[in-house]
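Visitor: The structure under discussion is supplied below as structure tokens; questions concerning it will follow.
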Amino acid sequence: MRLVVDKKAVAEELDKIAAFMELKGENPFRVRAFRSAARTVKGLPKSIETALEDGSLASTRGIGPSTLQVIHDVMASGRSQLLEDLRGQVPPGLVDMLAISGLGVARIRQIHSTLGIETLPELEVAALDGRLAKLPRFGHRTASNIAKAIAYLQRSREFKLVHHATDEAERLVGALGRMPRVTAAIVAGDLRRRCELVRDLVVLLIADATPADVFQRLSQLPGIQEFASRDERRVTVQFAGGGTATIVVTTPVNAGTVLVQVTGSPEHLAQVESHARSLGYTTSGAALWRGSTFVPTPDEQTFYRALGLELIPPELREGSDEITAAETGGLPSLVEAGDLRGVLHCHTPDSDGSSSIEELALAAREAGYEYLGVSDHSHSAAYAGGLSATDLRRQGDEIDAVNAAVSGIRVLKGVESDILPDGALDYDAATLDTLDFVIASIHNRLTMPKDEMTARLLTAIDNPYVTIIGHPTGRLLLARSAYEVDLDRVFEKAATSGVAIEINADPHRLDLDWRVLRRARDLGVVIAIGADAHNAAGLSNVSFGVGVARKGWLTRKHVLNTQSCGEFIAFAQDRRNP
């Protein structure tokens, strides 16, 4: 059994070796060979285990004897001896600097040789105190940009995007669930609450063995590099690929209590404990007690029921008013992925997508959807191959042809039209009138003052052809902050105008933020969940959007694309024909 030693982990080892070699000043051809091998491994059509076993990896272009040996080492032990040797020859902090925009190998060597800097914290201090700006070919602007890049890099390393964390957790749970005497492996923590960013991977193991026995077996798994910390019930492990995870072990009789403890936010757990004390219970250690009497809790429902509460969905365990709602029967019946009848916001090769309309339609039908909303970029988005009015008409003909050829799914004609700085859309009314729906989004001039940006969105909402406001705050998680906008005014206008606001399900965006969704819901805003899919695989983004909707306390009735195809079209057409 191997633990999270997959294509991604192997490719990361090869990339790290290339980086160390480059900084060491080794032959550029050798550096390129390791980078090429990393790309080859990432793109393998089969698992790396299969490619090694059937011998196909050895004959794959881009894999040579040296890189193949590294791959064998990593797969066998979870680490590369070559990389370990290089770590002793090059300060690891110099490799970290390669991730900073504007810093190449030559500049890093210059910084190291001139200032003696070997770590990111040292570099940040030098960028702020003026030493970096004084180096030849640097200057104050470059130093300032480097300081900002370091701050961003440190934050991005603290968190993972949810889809990356999900991939890691699925591999981890698959491996841990096969360990002897482990009866279940369950993802917990931020990821189980479906947070948009995940700080720590947490997995609960339910086992009919002591934690010490489980930890002993865990330490023997390939891919485990070290135990970073440990107590009697949990251990933080570090993998050869650089990731970490916290593993918690419990017996079946306490599983409910422990799963609550390792899932809820600190605020939720504090409220649970306070509520429990008011009833004479405590959640001391890894168990529920009533006075000195142990209360078995084999599952979460038993735990919450003992405290007079409904089972609180993991997504709601954030410490707002979920305890009161659970006590009074006020928890909503949250929207499910299966409630969605249509998938919206999909891009094709006509702009910046890679799957054809027919391929998207077939994938949507296979996923169980009744309709698919195609919405390529508009002509103002030249960087994304935006469509002219003529292109839209031609695409409309193609959609008609797909609808005639493919049964069981209806493709709708739409567009993601840019909202111009004055709030106008970049098509005339005659062009927009040929479409089934219109998503209006802001893609440029993101630094406008708050009042101007708010007015821009309000003007767009006034356009009778606008069905949905796309990614309404423009954020890119770990990359770009939301633009300044008065969301209350936008919500109020959207609610009274009959315009939906999007939860953009692209895991790099997840915009609208779940923290403001209840406010939008309470004001009567209709919410659309948009995949923002740029290929057929991107349709699965919807699951992340549903997670956001559930965190925002949304039910089926609050989400636009839980409606039938006919109802959705009627919603879009109502404003055009008042």
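The values are calculated or read from the model by the stated rules, or taken from the named source; none is laboratory data. It should be emphasised that the depicted structure is a prediction, and the values quoted were computed from it without experimental measurement. Ideal geometry is used to build each Cβ from the backbone, glycine not excepted, and the neighbour counts take in all protein chains shown.
Visitor: Restricting attention to the stretch 71-82, does a residue exist that is in contact with a Phe, Trp or Tyr (Cβ under 6 Å, 6 or more places away or on another chain), at pLDDT 85 or above and closer than 24 Å to Gln225 by Cβ?
Guide: no
Visitor: Just checking: which of the helices (runs of 4 or more DSSP H) contained wholly in the stretch 477-578 hold 2 or more residues that are closer than 27 Å to Pro421 by Cα?
Guide: Once the helices (runs of 4 or more DSSP H) in the stretch 477-578 are filtered for at least 2 residues that are closer than 27 Å to Pro421 by Cα, what remains is 487-497, 517-522, 565-574.
Visitor: OK, next. Testing Pro332 on (1) over 24 Å from the mean Cα position of the chain (by Cα); (2) modelled with pLDDT under 95, one condition comes back false. Which one is that?
Guide: (2)
Visitor: Kindly indicate whether Glu170 is over 29 Å from Val90 (Cβ atoms) and in a helix (DSSP H, G or I).
Guide: The answer is yes for Glu170.
Visitor: Same structure, new question: Please count how many residues of the stretch 348-373 are at pLDDT 95 or above, buried (at least 17 other Cβ atoms within 10 Å of the Cβ) and within 13 Å of Ala533 (Cβ to Cβ).
Guide: 8
Visitor: Here's a follow-up. Are any residues in the stretch 472-523 of a type in the set (Gly, Ala, Ser) and closer than 19 Å to Thr562 by Cα, and if so, which ones?
Guide: Within the stretch 472-523, Ala494, Ala495, Gly498, Ala500, Ala505, Ala520 meet the criteria.
Visitor: Shifting gears a bit: Going by the structure shown, is Ala500 at pLDDT below 95, over 17 Å from the mean Cα position of the chain (by Cα) and within 26 Å of Ala363 (Cα to Cα)?
Guide: Spelling it out, it is not the case that Ala500 is at pLDDT below 95, over 17 Å from the mean Cα position of the chain (by Cα) and within 26 Å of Ala363 (Cα to Cα).
Visitor: Tell me, which residue of the stretch 134-160 that is aliphatic (A, V, I, L, M) and at pLDDT below 90 is surrounded by the fewest Cβ atoms within 10 Å (Cβ to Cβ)?
Guide: Ala151
Visitor: Before we move on, is Asp376 buried (at least 16 other Cβ atoms within 10 Å of the Cβ), of a type in the set (Asp, Glu), outside any helix (DSSP H, G or I) and under 24 Å from the mean Cα position of the chain (by Cα)?
Guide: Here the answer is yes, as Asp376 does meet what is asked.
Visitor: Could you tell me whether any residue of the stretch 346-368 is in a strand (DSSP E or B), in contact with a strand residue (DSSP E or B) (Cβ under 7 Å, 6 or more places away or on another chain) and assigned by TED's automatic domain parsing to the domain that holds His443?
Guide: Scanning the stretch 346-368, I find at least one residue that is in a strand (DSSP E or B), in contact with a strand residue (DSSP E or B) (Cβ under 7 Å, 6 or more places away or on another chain) and assigned by TED's automatic domain parsing to the domain that holds His443, so the answer is yes.
Visitor: If a residue has to be acidic (Asp, Glu), surrounded by 14 or more Cβ atoms within 10 Å (Cβ to Cβ) and more than 16 Å from His377 (Cβ to Cβ) to count, how many in the stretch 421-461 make the cut?
Guide: Total meeting the criteria: 2.
Visitor: Something else now. Provide a single number: the residues in the stretch 390-412 that are of a type in the set (Gly, Ala, Ser) and either modelled with pLDDT under 95 or within 21 Å of Arg341 (Cβ to Cβ) (or both).
Guide: Result for the stretch 390-412: 2.
Visitor: A further question follows. Pull out all pairs, ordered by first then second residue, where Cβ-Cβ is under 7 Å, the residues are six or more apart or on different chains, the first lies in the stretch 203-216 and is part of a helix (DSSP H, G or I), and the second is of a type outside the set (D, E, K, R) and buried (at least 20 other Cβ atoms within 10 Å of the Cβ).
Guide: Note: pairs meeting the criteria are Pro211/Val249; Val214/Leu205; Val214/Ala207; Val214/Val249; Phe215/Val235.
Visitor: Another one. Residues being touching a residue at least 24 places away in the same chain (Cβ under 8 Å) and not small (Gly, Ala, Ser): count how many of those fall in the stretch 217-234.
Guide: 7
Visitor: What about Thr324, is it free of Cβ contacts under 8 Å to residues at least 24 places away in the same chain and either more than 24 Å from the chain's Cα centre (by Cα) or assigned to a loop (DSSP other than H, G, I, E, B) (or both)?
Guide: For Thr324, the condition - free of Cβ contacts under 8 Å to residues at least 24 places away in the same chain and either more than 24 Å from the chain's Cα centre (by Cα) or assigned to a loop (DSSP other than H, G, I, E, B) (or both) - is met.
Visitor: While we're here: Condition first: in a helix (DSSP H, G or I), more than 30 Å from Ile117 (Cα to Cα) and of a type in the set (Lys, Arg). Can you find one or more residues in the stretch 81-98 that meet it?
Guide: No, because not a single residue in the stretch 81-98 is in a helix (DSSP H, G or I), more than 30 Å from Ile117 (Cα to Cα) and of a type in the set (Lys, Arg).
Visitor: Looking at the stretch 302-315, I want the residues that are modelled with pLDDT of 95 or more and have a partner that is buried (at least 16 other Cβ atoms within 10 Å of the Cβ) and among the basic types (Lys, Arg) with Cβ atoms under 6 Å, at least 6 apart or on another chain. Which pairs are those?
Guide: Pro314/Arg192; Pro314/Arg193; Glu315/Arg193; Glu315/Arg194; Glu315/Arg550; Glu315/Lys551
Visitor: Now for a separate question. With (1) of a type in the set (Asp, Glu); (2) closer than 25 Å to Asp96 by Cα; (3) surrounded by fewer than 16 Cβ atoms within 10 Å (Cβ to Cβ) as the list, and Asp200 as the residue in question, which single condition is left unmet?
Guide: Failed condition: (3).
Visitor: Whether any residue in the stretch 460-471 is farther than 30 Å from Arg365 by Cα, in contact (Cβ under 8 Å) with a residue 40 or more places away in the chain, outside any loop (DSSP other than H, G, I, E, B) and not assigned by TED's automatic domain parsing to the domain that holds Ser101 is what I want to check.
Guide: Yes: the stretch 460-471 contains one or more residues that are farther than 30 Å from Arg365 by Cα, in contact (Cβ under 8 Å) with a residue 40 or more places away in the chain, outside any loop (DSSP other than H, G, I, E, B) and not assigned by TED's automatic domain parsing to the domain that holds Ser101.
Visitor: Next up: I'm checking my understanding of the structure. Among residues of the stretch 118-133 that are of a type in the set (Gly, Ala, Ser) and surrounded by fewer than 18 Cβ atoms within 10 Å (Cβ to Cβ), which one is modelled with the highest pLDDT?
Guide: The selected residue is Ala133.
Visitor: Just wondering, is there one or more residues in the stretch 254-263 that are aliphatic (A, V, I, L, M) and part of a strand (DSSP E or B)?
Guide: No, the stretch 254-263 has no match at all.
Every residue, every condition in (1) aliphatic (A, V, I, L, M); (2) modelled with pLDDT of 85 or more; (3) surrounded by 15 or more Cβ atoms within 10 Å (Cβ to Cβ); (4) farther than 19 Å from Gln225 by Cβ, yes or no:
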position: Phe34; (1), (2), (3), (4): no, yes, yes, yes
position: Ile48; (1), (2), (3), (4): yes, no, yes, no
position: Ala58; (1), (2), (3), (4): yes, yes, no, yes
position: Gly88; (1), (2), (3), (4): no, no, no, no
position: Asp96; (1), (2), (3), (4): no, no, yes, no
position: Ile100; (1), (2), (3), (4): yes, no, yes, yes
